[in-house]
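The values are calculated or read from the model by the stated rules, or taken from the named source; none is laboratory data. Please read all numbers here as calculations on a predicted model, not as lab measurements. Please note: Cβ atoms are built from the backbone with ideal geometry, for glycine as well, and neighbour counts cover all protein chains shown. Surface accessibility is based on the protein's heavy atoms, side chains included, excluding ligands, DNA and RNA. Shrake-Rupley method; radii C 1.70, N 1.55, O 1.52, S 1.80 Å.
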Amino acid sequence: MKASMDKIVNLCKARGFVFPGSEIYGGFANTWDFGPVGVELKNNIKRAWWKRFVQEDPSTFGLDAAILMNPTVWDASGHTQSFSDPKMDCKNCKQRFRADNLIEEHSKGSVSAEGMTTEQMENYINEHKVKCPRCGNFNWTPIRQFKLMFETSRGTVEGEKDVVYLRPETAQGEYVNFLNVQRTARAKVPFAIAQIGKAFRNEITPGNFLFRTVEFEQMELQTFCKDENSMSIYENMKKKALKFAEDVGLDKDHLRFHDHEKLAFYAKAACDIQYLFPIGWEELNGIHHRSTHDLSRHQEFSGKSQAYLDPVTNEKYVPSVIEYSIGADRLTLALLCEAYDEETLENGETRVVMHFHPAIAPYKVAILPLQKNLSDKAKEVYSVLSKKFMCDYDEAGSIGKRYRRQDEIGTPFCVTIDFDTLEDDTVTIRDRDTMAQERIKISALPDYITKKIEF
Ligand code: ATP
């Protein structure tokens with residue numbers, strides 16, 4: 001890895017990618033605000049995902065479901081009963097930890113706490129005298145289950161308010177709309193529903209910048225299929241998810257599959273794609289074969305059939321679900337880490353450059369007049385290009401400094417306007433990665449840039 005997490009956080013704050021949430025009030029732990037450059041980056045990442053999985057696939061349909069759902073949804077999904085993490089507090093320094101993480105870190109990954117009971121985890125921690133990673137003491141509270149769903153209430157009369165939950169995942173919106181989408185899109189199984197939206201989790205150990213936050217966006221795709229085809233759809237989803245991660249800009253040597261050994265009782269297979277973050281190999285996204293569990297549970301709790309009627313064979317069945325879920329913020333973090341580079345130039349200076357794929361770069365082109373008295377012409381060029389692309393405009397400071405700034409926010413092209421531009425309507429276009437410059441007609445710019453930023 002070229003960058004530590006600290007470097008990424010500092011660059012993000014200095015250049016307007018990401019600011020700490022509620023900063024002027026001293027912040028609000030593990031919330032982050034995307035600034036002018038960051039919002040473009042994240043939107044472009046979401047757009048690239050949508051293009052790949054929805055726009056280019058005739059059997060995938062989009063959805064934008066409500067965040068607040070009928071609370072029974074969360075009974076059916078199992079979240080009200082079991083969406084919790086095993087927490088332990090260090091009595092000495094008062095820091096809170098996840099017991100499963102303590103075990104996995106202590107055993108350096110050789111022991112998996114997945115599927116361990118509370119008692120088994122407590123036994124492991126006692127037998128191995130696992131110490132507090134913060135203060136080094138061995139002085140734990142017993143394990144308690146910590147609920148991960150945020151609760152709020154609805155209703156106008158005090159005392160008669162009903163509990164509602166901020167959704168901890170977007171998937172349930174896709175499940176409860178399975179038949180709505182199937183009917184209105186006239187979709188035949190197998191087909192998929194995709195959505196991008198906010199999710200909220202009261203995480204015990206959030207942190208590492210955007211990696212684990214309490215409010216984040218998920219990009220999810222649920223494929224509804226017949227059980228007999230489900231394993232090949234699952235395998236195919238793994239390949240497609242990996243290909244997307246590579247195409248959007250992550251180095252294949254920094255990506256790997258991690259198949260789960262212990263599965264939920266209903267699951268047939270599960271795997272993560274891990275990315276080599278500056279904090280080590282960690283989950284980037286999950287792909288889960290969830291069998292017929294989700295639709296069957298909604299059928300049971302809603303009392304409404306969730307069966308699909310095959311129009312050719314007349315067979316009626318509840319489909320299986322293959323889920324692909326990736327955090328937009330976590331992917332943004334991975335792409336920030338991957339793109340970061342410090343290069344030594346021929347004159348001995350160092351430049352920081354973000355090598356984003358041009359399709360996700362916040363600005364596609366920066367328009368830079370060489371001198372202030374060229375600004376009228378430069379603004380003309382800006383108004384032509386900004387109809388097609390997100391453009392930056394900068395006339396302050398030396399041209400060298402302006403290039404450095406654009407390199408740091410990953411702008412793939414800089415267009416400089418000079419006195420020749422006034423004569424012949426040509427400009428110099430500079431490539432971020434090679435720093436090569438070429439002279440080109442203003443009228444040729446839109447096509448030139450369009451070709452280079454394709455995803
Ligand atoms: P973890 O084991 O890291 O808690 P998970 O297995 O609970 O994650 P899923 O429920 O499968 O995660 O969520 C799907 C994806 O959503 C994850 O792969 C990740 O990209 C993203 N995600 C989950 N929790 C968070 C979070 N707290 N902050 C940011 N992104 C998250």
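Kirkwood-based Rg over Rh for segment 84-147 (C-alpha set), two decimals?
When Rh is taken as the Kirkwood radius, the ratio is 0.92.
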Discussion item. Using a 1.4 Å probe on the protein heavy atoms, what percent of the accessible area of segment 297-455 belongs to carbon and sulfur?
Written reply: 49 percent
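With a 1.4 Å probe and all protein chains left in place, how much accessible area per residue does the chain have, in Å²? Could you put the intermediate results ahead of the total?
Details: 22120 Å² over 455 residues.
For the chain, the solvent-accessible area averages 49 Å² per residue.
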Worksheet, complete the sentence: Applying the gyration tensor rule to the Cα atoms of segment 351-455 (axes a ≥ b ≥ c; rounded if a/c under 1.5, else prolate if a/b exceeds b/c, else oblate), the class is oblate
Worksheet item: Expressed as an acute angle from 0 to 90° and rounded to the nearest 10, what is the orientation of the C-alpha long axis of helix 5-15 relative to the principal long axis of the chain?
Response: 50 degrees
Fill in: Net charge contributed by nearby residues that have their C-beta within less than 10 Å of HIS79 (K/R +1, D/E -1)
0
Practice prompt. Just read off the accessible area of CYS132 with the full protein assembly in place, 1.4 Å probe, to the nearest 10 Å².
Written response: 0 Å²
Worksheet item: Taking every eigenvalue of the Cα gyration tensor of the chain, multiplying by 5 and rooting it, what semi-axes result, largest first, whole Å?
Response: 44, 30, 21
Worksheet item: Contour minus end-to-end for ASP6 and ALA29, with contour as 0.36 nm per residue of separation and end-to-end as the Cα-Cα distance?
Response: 6.6 nm
Worksheet item: Could you name the aspartates and glutamates in cross-link range of LYS451, using Cα to Cα under 15 Å and dropping any fewer than eight places away on the same chain?
Response: ASP431
Worksheet, complete the sentence: The helix 227-247 Cα axis meets the longest alpha-carbon principal axis of the chain at an angle in degrees, between 0 and 90 and rounded to 10, of 30 degrees
Item to complete: May I ask you to rank ASP376, ASP57 by accessible area, largest first, using a 1.4 Å probe over the protein chains only?
Response: ASP376, ASP57
Worksheet item: Given the pairs LYS51/LYS364; LYS2/LYS239; LYS364/LYS452; LYS252/LYS388, which are separated by over 21 angstrom at their Cα positions?
Response: LYS2/LYS239; LYS252/LYS388
Worksheet entry | Accessible surface of segment 127-215 [probe 1.4 Å, protein heavy atoms]: carbon and sulfur percent | 44 percent
Worksheet item: Can you give me the relative contact order of segment 265-337 as a percent, contacts being Cα pairs under 8 Å and 6 or more apart?
Response: 32 percent
Worksheet item: What is the dipole size for the chain, taken about its Cα centre, with +1 at each Lys and Arg Cβ and -1 at each Asp and Glu Cβ, in debye to the nearest 20?
Response: 480 debye
Worksheet item: In terms of Cα to Cα distance under 22 Å, which lysines are near enough to LYS108, apart from those fewer than 8 places away along the same chain?
Response: LYS87, LYS129, LYS131, LYS262
Worksheet item: Applying 1/(1 + (r/R0)^6) with R0 = 22 Å to the Cβ-Cβ distance of ASP420 and PHE455, what FRET efficiency is obtained, to the nearest 0.05?
Response: 0.10
Worksheet item: Does anyone have the angle between helix 399-409 and the longest principal axis of the chain? Alpha-carbon axes, 0 to 90°, nearest 10?
Response: 10 degrees
Worksheet item: Among residues other than ASP447 whose Cβ falls under 12 Å from its Cβ, what is the net charge (Lys/Arg +1, Asp/Glu -1)?
Response: +3
Item to complete: Sort segment 261-367 into rounded, prolate or oblate with this rule: let a ≥ b ≥ c be the square roots of the eigenvalues of the Cα gyration tensor; rounded if a/c is under 1.5, and if a/c is not under 1.5, prolate when a/b is larger than b/c, oblate otherwise.
Response: prolate
Worksheet entry | Extension gain from ALA444 to ARG47, taking 0.36 nm per residue of separation minus the Cα-Cα distance | 140.4 nm
Worksheet item: Which value, in Å² and to the nearest 10, is the accessible area of ARG402 when all protein chains are kept and the probe is 1.4 Å?
Response: 10 Å²
Item to complete: Please check which bits of segment 90-126 a label hung off ARG256 would reach, taking the label as a point 7 Å along Cα-to-C-beta and the cut-off as backbone N under 14 Å.
Response: 109-110
Fill in: Eligible aspartates and glutamates near LYS304 by straight Cα distance, threshold 20 Å, same-chain separation 8 or greater
ASP75, GLU174, ASP294, GLU315
Worksheet item: Any idea of TRP281's accessible area? Nearest 10 Å², probe 1.4 Å.
Response: 80 Å²
Worksheet, complete the sentence: Largest-first ranking of SER112, SER291, SER443 by accessible area, probe 1.4 Å, whole protein assembly kept, is SER443, SER112, SER291
Practice prompt. Pairs of Cα atoms under 8 Å, at least six residues apart: use those to get the relative contact order of segment 322-455, whole percent.
Written response: 24 percent
Item to complete: Apply 1/(1 + (r/R0)^6) to the Cβ-Cβ distance of MET435 and LEU263, taking R0 = 56 Å, and write down the FRET efficiency to the nearest 0.05.
Response: 0.65
